[in-house]
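Report on one structure; see the data block that follows.
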Amino acid sequence: MPRTAALKPEQVPAESKPTLDAFTKNIGFTPNMMAAFAQSPIAFNAWATLLGALSKALDVKTRDSIGLAVSEVNGCNYCLTVHSFTAEHMAKLPPDDIILARKGYASDPKRDAAVQFARKVIETRGQVSDADLKAVRDAGYTEANIIEIIALVAMYSLTNFFNNVFDPDKDFPAVAPAGSI
């Protein structure tokens, strides 16, 4: 049961409306999470700006795989439904790769290094080892790429925490619980 309201269009603060309208136009509908998040124009617009900037980081399969790994660690069922849907339909990840990503891995060796590193960042709260950094560097990631991975972890954690706190109604197809994958 949602713990905050998903705003109706006429309830959206004027400062959030352009951003929410742009998402609605691009996606084709207004996800409940965004309609709830829009209650704070400051937080919502800051998140949207970060999302837009990070959509240029790495590649879509790696970004979605990181989103799945982070959402699994954070236990965010809403984000797992969203990232599973986008990974399948937009990033064109096969179902087996989606499950691997939720477990913190990838079938592609370079993407695997990024996903494993992202999972280590979230699990250790950034207290990764020298070996963790070496592994992601050895896979071909630059310092800039590593910073982007960390930023993606933070961005996905923000929406995970938001959705775990407010529990908006799911508007994407359900996924299997973590214990069953």
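Take every Cα-Cα pair in segment 1-123 and report what % of them are more than 24 Å apart. Of the Cα pairs, 33 percent sit more than 24 Å apart.
Among 105-111, 82-88, 60-66, 131-137, the peptide with the highest mean count of other Cβ atoms within 10 Å heads the list, and the full ranking is 60-66, 82-88, 105-111, 131-137.
Where the only charges are on Cβ atoms (+1 Lys, Arg; -1 Asp, Glu), what is the dipole of the chain about its Cα centre, to the nearest 20 debye? If you can, show how the numbers build up before the last one.
Values: 18 positive and 20 negative charges, 12 e Å.
That gives the chain a dipole magnitude of about 60 debye.
Relative to the dominant Cα principal axis of the chain, helix 60-73 is inclined by about 80°. Remark: segment 148-160, residue by residue, has Karplus-estimated 3J(HN,Hα) of 5, 4, 4, 5, 5, 4, 5, 5, 5, 5, 4, 5, 4 Hz, where x stands for each Gly or Pro and the curve is 6.51 cos²θ - 1.76 cosθ + 1.60 at θ = phi - 60°.
Can you give the local net charge around Lys110? Use residues other than it whose beta-carbon is closer than 11 angstrom to its beta-carbon, Lys and Arg +1, Asp and Glu -1. It works out to a net charge of -2. For the chain, the relative contact order comes to 31 percent (Cα pairs under 8 Å, sequence separation of at least 6).
What number results when the radius of gyration of segment 14-54, computed over Cα atoms, is divided by 2.2 N^0.38 Å?
Values: Rg = 9.3 Å, N = 41, 2.2 N^0.38 = 9.0 Å.
Compared with the compact-globule rule of thumb, segment 14-54 sits at 1.03.
Here the Karplus curve 6.51 cos²θ - 1.76 cosθ + 1.60, taken at θ = phi - 60°, turns the phi angles of segment 74-86 into couplings of 7, x, 9, 5, 4, 5, 4, 5, 5, 5, 5, 5, 5 Hz, with x standing for Gly and Pro.
Counting Lys and Arg as +1 and Asp and Glu as -1 over every other residue whose Cβ lies under 13 Å from the Cβ of Arg119, the net charge comes to +1.
The HN-Hα couplings worked out from phi for segment 30-45 by the Karplus form 6.51 cos²θ - 1.76 cosθ + 1.60 (θ = phi - 60°) are 9, x, 4, 4, 5, 5, 7, 4, 5, 4, 10, x, 5, 5, 5, 5 Hz, whole numbers, x standing for Gly and Pro. Report note on the peptides 41-54, 156-169: ranked by the mean count of other C-beta atoms within 10 Å, highest first, their order is 156-169, 41-54.
All of the numbers you see were taken from the coordinates with simple rules; none came from a lab. Just so it is clear, the model here is predicted, and its values are computed rather than measured. Cβ sites come from the backbone with ideal geometry, for glycine too, and all protein chains shown count toward neighbours.
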